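Bear in mind that the values in this text are calculations on the coordinates, not laboratory data. Just so you know, these numbers come straight off a predicted model, no measurement behind them. Quick reminder, even Gly has a Cβ in these numbers, built from the backbone with ideal geometry, and neighbours come from all protein chains shown.
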Amino acid sequence: MLLRDPDVSEDIEPDDSAYERAEPPPGEAGPREQFPRSSAVADLARRGLQDLGFEALLDEACTITAKTLDVDFCHVFKLRPSRRDLLLRAGVNWPEDHVGSVTMDLDPGSQNGYTVTSWQPTVVTDIREEDRFEPSSLMEKMGIVSGVTVVIPAPQDPWGTFGAHSREPRAFDELDTTFVQSMGQVLSAAVSKRRIEDEKARYETRLKRFAYTASHDLQEPLRMVTMYLNLIEQRYDDLLDEEGKELFSYATEGAQRMRKMVNSLLQLAEITTQEKTLEAVDANAVFEQALANLDVHIQETNAEITTEDLPTVKADPDQLSQVFQNLLSNAIKYSGDAPPRVHVKADRAGGFWQFAIHDEGIGIEPQHIDKIFTLFYRLDRAKGTEEGTGTGLALCEQIVDQHGGRMWVESEPEEGSTFFFTMPAATPLTS
Ligand code: ADP
């Protein structure tokens, strides 16, 4: 009987036929067994990477292993946070109410304890003749006398154990042990994948909380500072001497700058947490929109912006427009003394389009290249840079990242820079 945690919803019907224990001809050891075993491991790994949920994967690993090795029990025990005991997470042939509730002490004198401490697989032919460890009371209660137990590794410490056990004495050979170990490795990969997903979910929750903080808790006192600074200026400006006025202007500038930074952070948090609607978008139209938004800036600086025909990509149009706008605005801002000259093009790169925004501006020194995408990292070395907050490129990278693309820059100081980013193509490659 297959049992699973109560919160598992998927119903898994393993394909039994592939994992039947292939009996080697008399006198011939394992080779014939290796194929169904390795295909069982590969199949579990494939399903783990694809559609199978984590809990269902634990169940399936138990079912497949029990069937392949023809053992009475197969189970996954998870180390509890106290590291003092293990909880039965999934198992074949365990009583229904045991899974998710029964624990086993992590006694170094038990097979599980020994395995977790040594990180080595332990093979027991008959526990009654075993002198390395005592049988655990739980295993004894289930009548288990033989088995293989392996660690399910996680990056720093074991996540738990995976074991195949029988009620009869049995000599498990090296192939059996390798098989159980391989299944444990697949589970280990699934544990890592799940930890990354959990970490991502926690990160997003923190960002959402941050967005709330930025919009309420920070904006309100900032609004008050600005308001009272304005009032002081209106009422007491006449009383201030030149030095007082200068000091006062620093305070006002500081408040304005902080408002810009808070707004940028809020924008970044919103982009990260927002549900996106990816649609087929004509990048030409989006680019035109970005140009229109920058019209005044372009006129003022006499910028010359040229573009080749741009493709249709799968993107959120507002976010793509934001990327164009930030990169164009930087290309204009960091153009140096000559009027800005910017060229934009896109080339197909597999399933993506690679955009390139090239300028002939001041360029970036090699030691700054990797850092300029970092939030709030900025270099004060061009006219007009007091406008910036060092968030534009971080925002662009975040947007591109969330579309599954990449972003980078190539630059030559005093010669110019080319910012590249990729976006998924809306249509497949035609041969
Ligand atoms: P900001 O422009 O507000 O400082 P960004 O995140 O957009 O913030 O850019 C970070 C830094 O990268 C800038 O301070 C600037 O030094 C550098 N940079 C960005 N774009 C260019 C460019 N086209 N040419 C030269 N330097 C650039």
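Tabulated data
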quantity	calculated
Per-residue Cβ neighbour rank within 10 angstrom, fewest leading, L240, L327	L240, L327
Residue-by-residue Karplus 3J(HN,Hα) for segment 101-107, coefficients 6.51, -1.76, 1.60, Hz, glycine and proline x	9, 7, 10, 9, 4, 8, 7
Order by protection proxy (mean Cβ within 10 Å, highest first), peptides 305-312, 192-199, 65-72	65-72, 305-312, 192-199
Segment R83-A171, extension gain: residue separation times 0.36 nm, minus the distance between their alpha carbons	28.6 nm
Total charge dipole magnitude, segment 56-136, about the Cα centre, Cβ charges on Lys, Arg, Asp, Glu only, Debye to nearest 20	420 debye
Estimated distance in nm for a label pair at A189 and S118, the labels positioned 7 Å out from Cα along Cα-to-Cβ	2.7 nm
Between segment 32-110 and segment 240-294, the alpha-carbon center distance in angstrom	52 Å
Cα-based Kirkwood hydrodynamic radius, the chain, one decimal, Å	26.9 Å
Listed residue (P121, V71, G100) projecting farthest to the positive dipole end of segment 32-133, Cβ model	P121
Kyte-Doolittle at least 0.5, axis length at least 20 Å by Cα - qualifying DSSP helices, the chain	54-69
Prolate/oblate/rounded label for segment 94-184 (Cα gyration tensor, a/c 1.5)	rounded
Counted charge near G163, where neighbours are those whose Cβ lies closer than 14 Å (Asp, Glu -1; Lys, Arg +1)	+2
Residues E130, E220 arranged by fewest to most Cβ contacts within 10 Å	E220, E130
Among H368, Q156, V41 - extreme Cα towards positive end, dipole of the chain, charges at beta-carbon	Q156
Fewest-first ranking of L79, L218, L231, L320, using other Cβ atoms within 10 Å as the exposure measure	L231, L218, L79, L320
Calculated FRET value between R257 and I232, using beta carbons and R₀ = 25 Å, to 0.05	0.85
Ellipticity estimate at 222 nm from DSSP helix runs (n ≥ 4, -39,500 (n - 2.57)) divided over the chain, nearest 500	-14500 deg cm²/dmol
Residue among G254, G244, G109 with the largest mean-square fluctuation in a Gaussian network model of the chain, springs linking Cα atoms under 10 Å	G244
Selection from A211, P311, L240, by position along the positive dipole direction of segment 201-349 (Cβ)	A211
Estimated FRET transfer efficiency (W408, A338; beta-carbon r; R0 25 Å; 0.05)	0.50
Rel. contact order, % - alpha carbon contacts under 8 angstrom, at least six apart, the chain	10 percent
Segment 134-268 - convex hull of alpha carbons, volume per residue in Å³	185 Å³
Normalised contact order of segment 72-127, rounded percent, pairs of Cα under 8 Å and 6 or more residues apart	24 percent
Net charge contributed by nearby residues that have their C-beta within less than 12 Å of L222 (K/R +1, D/E -1)	+2
Charge context of R80, other residues only, Cβ under 13 angstrom, K/R +1, D/E -1	+1
